[in-house]
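Each remark here refers to the structure printed beneath this line.
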Amino acid sequence: LVRHGEAVPERVDPTRPLSPEGARAVSTVAETLAGRMGPFDLVAASGKKRALQTAAILGEAAEYPAGRIAETGALSPGATPEAFLAFLAECASPDRLLCVGHLPSIAAIASFFLSHGDPVPLAFGPGTVCRIRVEALRRGGGELLLFL
């Protein structure tokens, strides 16, 4: 799970693409994780420009074609863990996923898999990567492997 990189302010560009600094930071994360990422069975992102750009940068580092990135509302800012589970149910059982989204949903999805009860407080700054091994598609069904 990844939060999109730093975006330009809405007053500068209403579509809020990645800022030049945000794109560089995501590229640095991609270079840092290149040996530990991918290959991915599926790369998905919300339909927002900054999330798609982040997914493309990270996917490219893992040799995933940008044209195959799946757009889903299950990674939009207001999405719920249940919506994310429904999205996964529609997919062809991918084992290795890269999913790029927004706050608060990306933190809620991570917390869902990592906690059996109270939410896990995770500080998802722009470009944060949270790698989770999911053993079961249920609350508390995951194990945190990396938070960067």
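Here are a few things to note about the model shown:
- Dimensions (Å) - segment 40-148, Cα atoms, principal axes, largest first: 38, 29, 24
- Of the trypsin sites (Lys or Arg not before Pro) found in segment 89-148, the ones in coil according to DSSP and having at most 13 other Cβ atoms within 10 Å of their Cβ are ARG96, ARG138.
- Antiparallel bridges, percent of DSSP beta bridges restricted to the chain (to nearest 5): 45
- Charge context of PHE40, other residues only, Cβ under 15 angstrom, K/R +1, D/E -1: +1
- Note on segment 29-98 and segment 110-148: Cα centroid distance 16 Å, given to the nearest whole angstrom.
- Acute angle (nearest 10 degrees) that the helix 105-114 long axis makes with the longest principal axis of the chain, alpha-carbon atoms: 30
- Residues whose placed amide H lies under 5 Å from that of CYS99, excluding near-sequence neighbours: VAL2, ALA44
- Segment 95-148: C-alpha gyration tensor shape, a/c 1.5 cut-off, then a/b vs b/c: oblate
- GluC sites (Glu not before Pro) within segment 67-145: DSSP coil, no more than 14 neighbouring Cβ in 10 Å: GLU135
- Helix 49-61 axis versus longest C-alpha principal axis of the chain: approximately 80°, rounded to the nearest ten.
- Restriction of the GluC sites (Glu not before Pro) in segment 1-54 to DSSP coil positions whose beta-carbon has at most 12 other beta-carbons within 10 angstrom yields GLU10.
The numbers here are math on the coordinates, done by the rules we state, and not lab data. As the structure is a computational prediction, the values presented were derived from the model and not from experiment. Because the Cβ atoms are built from the backbone with ideal geometry, glycine has one as well, and the counts that use them run over all protein chains shown.
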